[in-house]
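S.K.: Please read through the structure below; I'll follow up with questions.
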Amino acid sequence: MRTAVKNFGIERFKNNCSRATEGFNHVLIQFHEKHQYLTELKHRKSLEIKAKGEQALKEAGLRATSHIFKAADIMQATRGLAAAKGRAAIIKASDIASATKGRYKCQIITKLNLKAEENRCLPSPSSILEK
């Protein structure tokens, strides 16, 4: 009887061990499949992020280039306006200078004529200006 009980226990243990091993293998396979899925998902997402980043850099480069061209156009227009204003300012300054020069010339001639009258000698204003 002892041998029969012993053999029954051994057989039952063997059956349980094989089923436990199959269950453990099943769990390992499930974990392995999940790990592979997550690895592939990680790889796909990293490729998507990389593609989006490259696209964003490309678009930013295009926007920056268009802003540079726009700034260059504005700078060119500003230079043109400044040059036109500068020419106008030079013309205006020369007009003011010649008007001022003529006014001072008249004032000098008038003063010289007054001094000449005081001294009773009348030199010509043009001869004094030439000196």
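The values are calculated or read from the model by the stated rules, or taken from the named source; none is laboratory data. Given the structure is predicted, the values throughout are model-derived calculations rather than measurements. Glycine gets a Cβ as well: all are built from the backbone with ideal geometry, and neighbour counts include every protein chain shown.
Let's see how each residue does on (1) at pLDDT below 90; (2) surrounded by 10 or more Cβ atoms within 10 Å (Cβ to Cβ); (3) not small (G, A, S); (4) not in a helix (DSSP H, G or I):
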| position | (1), (2), (3), (4) |
| --- | --- |
| C17 | yes, yes, yes, no |
| N25 | no, yes, yes, no |
| L28 | no, yes, yes, no |
| E59 | no, yes, yes, no |
| R79 | yes, yes, yes, no |
| A88 | yes, yes, no, no |
| D95 | yes, yes, yes, no |
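S.K.: Further question on the same structure: Of these, I108, I49, I10, which one is more than 41 Å from the chain's Cα centre (by Cα) and at pLDDT 85 or above? Break it down stepwise before answering.
M.R.: Working: I108 fails: at pLDDT 85 or above; I49 fails: more than 41 Å from the chain's Cα centre (by Cα).
Testing whether each residue is more than 41 Å from the chain's Cα centre (by Cα) and at pLDDT 85 or above leaves just I10.
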